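Structure first, then comments.
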Amino acid sequence: MSHSIADQLSKLRDEIRYHDRKYYVEAAPEISDLEYDRRMDELKRLEAEHPELITPDSPTQRVGELPVSDLQRVTHRVPMLSIDNTYSVEELRAFMQRTEKQLDGEAVEWVVELKIDGVAASIIYENGLLVRAVTRGNGEVGDDVTHNIRTLGDVPLRLSGDPPAVLEVRGEVYMTNPDLVRLNESQKAKGDALYANTRNVTAGTIRLLDPRVAAERHLRFFTHGVGYCEGLRSSNYVDFLGELRDYGLAPTPNVAKFSSIDEAIAHCESWIENLHELDFEVDGLVLKVNDFGQRERLGRTSKSPRWLVAYKFEKYEAVTKLLRISVNVGKSGAVTPVAHLEPVEIAETIVSRASLHNAEEIERKDVREGDVVVVEKAGKIIPHIVRVEKHERTGDPPKFHYPTVCPECETELVKDEGGVYIRCPNPECPAQLKERLRYFATRNAMDIEGLGDKLVDQLVNDGLVRGFADIYRLDVDRLVKLERVGKKSAENLVEAIQASKSRGLARVLNALSIRHVGNRVASVLASHFGSIESLRGATVEQLSEVNEIGPVIAQSVFDFLHHEYGVSTIDELLAMGVEMEAPQAAAGAESSALAGKTFVVTGTLVKYTRDEIQELIQRLGGRASSSVSKNTDFVVAGEKAGSKLAKAEQLGVRVLTEDEFEQLVNEQSS
């Protein structure tokens, strides 16, 4: 009988551990919370009936019955060092360049991961069982907080698979914003003090003597490093994270690996715009050398390793009231919600609007009109709502109902397949038209100086412009009838409009606001196909075969070119004299010094804009690339050239000043 019960208990424990892994590590739960609770209740019942069969690693043993009397001090076998940090892209690049230089020109892979705003801790497993958890402390000695760490659902009490005999993982204990919202609601109901942010709660909770309090607060843990280990299998960090997943631990999410400094830095800067997607707090990104052997050779200073750095960004928060939610229609048709706030000062600026990004974010954060909200501004991005202070909510305000039809043209909205954005599919929607016209006139597109936001509004509202081609039908007589448009400014605008006809195919493709087509893609397409007619004749397969053009971009371009709107738009622009051919290679370009050569332009130029010099390179038979590699023939370097210049020098690529570049160009014309 006992043997049968033991088997039943073992099977039930394994099943619960499996579902813990699916929920915490893979974020892909297979059963509901209710079904999970039923399994846990059954395990508790059986263990209560057979206490002799309880094991220390059973999922029921996360919370001890009694609090500890005090926190014991523990010496780290491997010190938990601090991390050098910077708030500057220039300093970040300089650190990375120094690091690569110390490795004598070896290829370096950089790993970028989120810097979780929590409390550092080290967890030690022996023969797969959790034996101790310690705070960072002063780096040499920390506090034993095993009793509290055992309560964390994503910290397995027993590892899966075949882990090393001794494995010490380092990571961050944290709390999600939704859990802070729930905690503060509970605190208010009990008349207890409220918590200002997730880090303060975590720091206080992890050192409490009573583990039952920690269990109630639902702390979490991400692993991001290794301490003392006997039998480590991985030779690099990315593989190590995969190893941790196999053991049932949850590594820091959204880790990315890059082979160049520029790519890693670009990824860092783009992440700042996506902070709203996270339900936990981060205060920067960490960049690490991937290879463990290179880390060993780089070594450490007395305070920090030489192979990693934190790129931190200033974050500012304020609490204010959300007055109402509206929606805006962008040039791609995306219907984006905007929070209108009671004006509040954040980082010395008055903020009255914040982005809500999409319908799913409103639902996930349960944002409602009239709520008290925490608003955050990081870097130069538009402020966003971090969380709702639900304990401040009065009554039961109605949920925000996302519109089902476009607020401008009343076309039925559609949701992106597999995406989060809801769009107006009507290409003739007035709101989209205004945004597209504004973009059409920008410097990287048709570069029509004088065609500003207010004038665009007037032109559309008065019915003078219903499409791109109508811009080229404008004349001085029509323009001077508009508000605040004088004769001289009208003449200048007409002149700028006429001049824009000769910008070339790449500029036109960029200006048309085709989904997934920006400067780079437009340039690639123009260079490959040469003319709009050739591009129109390409199949999806032929488009996707072009270097840098994947199937998603190919389908988007094809759909635009063959949709009634796209066909008529291009036909009308052609009829108005807009040139849609790529600049022909100059006569004799095939024999010029630039022919067949790959150029990378970096730094601030004096004689050219970036677009101008790249167009010249292409016209003379060369290729303009965005990154330096062993296949690069020349780097044209202006002032403040950074990592691309360093990479060129490292690879032995010839570097040209602007004057030297012009000499090279003149060789073919002499």
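Some points to look at:
- Isolated Cys in the chain, by beta carbon distance under 4.7 Å: Cys229, Cys268
- With the whole protein complex present, Ile617 retains an accessible surface near 0 Å², based on a 1.4 Å probe.
- Dipole of the stretch 96-218 [Lys/Arg +1, Asp/Glu -1 at C-beta], most positive-end residue of Ala107, Asn138, Leu152: Leu152
- Neighbour-limited loop hits for trypsin sites (Lys or Arg not before Pro), the stretch 249-356 (at most 14 other Cβ within 10 Å; DSSP other than H, G, I, E, B): Lys303
- The stretch 1-93: Rg to Rh, with Rh as the Kirkwood radius over Cα pairs: 1.21
- Taking Cα atoms only, the orientation of helix 658-669 departs from the longest principal axis of the chain by about 50 degrees.
- Helix 487-499 axis, angle to the chain major axis (alpha carbon atoms, nearest 10°): 80 degrees
- Translational diffusion of the stretch 85-209, estimated by Stokes-Einstein from the Kirkwood radius over alpha carbon pairs at 37 °C in a medium of 0.692 mPa s, is 186 µm² per second.
- For the pair Asn328 and Glu49, a Förster radius of 51 Å applied to the C-beta separation gives a FRET efficiency near 0.25, rounded to the nearest 0.05.
- Between Glu140 and Ser82, the simple spin-label model (points 7 angstrom out along Cα→Cβ) gives 1.5 nm.
- Farthest positive-ward along the chain dipole, Cα basis, beta-carbon charges - from Val420, Leu275, Ser531: Leu275
- According to the Kirkwood relation over distinct C-alpha pairs, the hydrodynamic radius of the chain is 29.3 Å.
- Every Cα-Cα pair in the stretch 524-670 was counted, and those over 24 Å apart are 44% of them.
- Efficiency of FRET from Cβ geometry, Leu464 and Ala28, R₀ 35 Å, rounded to 0.05: 0.05
- Relative contact order of the chain, taken over Cα pairs closer than 8 Å and 6 or more residues apart, is 9 percent.
- On a per residue basis, the chain carries 49 Å² of accessible surface, using protein heavy atoms and a 1.4 Å probe.
- Lys390 contributes about 60 Å² of solvent-accessible surface, heavy atoms of the protein only, 1.4 Å probe.
- Charge dipole magnitude, Cβ of K and R +1, D and E -1 - the chain, Cα centre, debye nearest 20: 1020 debye
- With a simple spin-label model that places each label point 7 Å from the Cα along the Cα-to-Cβ direction, the separation between Ile5 and Val606 comes to 8.9 nm.
- Applying a DSSP loop filter and a limit of 11 other Cβ atoms within 10 Å to the GluC sites (Glu not before Pro) in the stretch 341-370 leaves Glu348.
- Heavy-atom accessible area ranking, 1.4 Å probe, most first, across Trp307, Trp271: Trp307, Trp271
- By the Cα gyration tensor, the stretch 153-205 has an equivalent ellipsoid whose semi-axes, rounded to whole angstrom, run 33, 12, 8 from largest to smallest.
- Charged neighbours of His76, selected by a Cβ distance under 13 Å, balance to +1 (K, R count +1; D, E count -1).
- Rolling a 1.4 Å probe over the protein heavy atoms of the chain, with every protein chain left in place, gives an accessible area that is 47 percent carbon and sulfur.
- Per residue, the chain reaches -10500 deg cm²/dmol at 222 nm when only DSSP H runs of four or more residues are counted, each adding -39500 (n - 2.57).
- Under 18 Å from a label point set 7 Å out along the Cα-to-Cβ vector of Arg654, the amide N atoms of the stretch 616-636 belong to 617-618, 620-625, 628-636.
- Linear extension gain, Asn666 paired with Glu639, 0.36 nm per residue minus alpha-carbon span: 7.5 nm
- The modelled label-to-label distance between Glu369 and Glu491, using points 7 Å beyond Cα along the C-beta direction, is 5.0 nm.
- With coordinates expressed along the principal axes, the C-alpha atoms belonging to the stretch 333-397 extend over 34, 31, 15 Å, beginning with the largest.
- Dipole magnitude for the stretch 278-349: computed about the Cα centre from +1 point charges on Lys and Arg Cβ and -1 point charges on Asp and Glu Cβ, it is near 440 debye.
- Computed over neighbours whose Cβ is under 12 Å from that of Leu479, the net charge equals 0, Lys and Arg +1, Asp and Glu -1.
- Volume per residue for the stretch 357-434 equals 130 cubic angstrom (convex hull of Cα atoms).
- Comparing Cα centroids, the stretch 421-473 and the stretch 98-146 end up 52 angstrom apart.
- Counted charge near Tyr439, where neighbours are those whose Cβ lies closer than 13 Å (Asp, Glu -1; Lys, Arg +1): +4
- Largest first, the residues Met96, Met576 sort by 1.4 Å accessible area into Met576, Met96.
- Take the Cβ atoms of Glu564 and Lys630, set R0 to 41 Å, and the FRET efficiency comes out at 0.30.
- Taking the C-alpha atoms only, the angle from helix 430-440 to the longest principal axis of the chain is near 70 degrees.
- Ranked from largest to smallest solvent-accessible area, with a 1.4 Å probe on the protein heavy atoms, Thr301, Thr394 come out as Thr394, Thr301.
- The spacing between the stretch 259-316 and the stretch 218-253, judged by their C-alpha centroids, is 17 Å.
- Ligands, DNA and RNA aside, Ser355 has an accessible area near 20 Å² when probed at 1.4 Å.
The values are calculated or read from the model by the stated rules, or taken from the named source; none is laboratory data. Nothing here was measured: the structure is a model prediction, and the numbers come from that model. All Cβ positions, glycine included, derive from the backbone under ideal geometry; neighbour counts span all protein chains shown. Quick note on the areas: whole protein, heavy atoms, side chains included, nothing else; ligands and nucleic acids left out. Shrake-Rupley method; radii C 1.70, N 1.55, O 1.52, S 1.80 Å.
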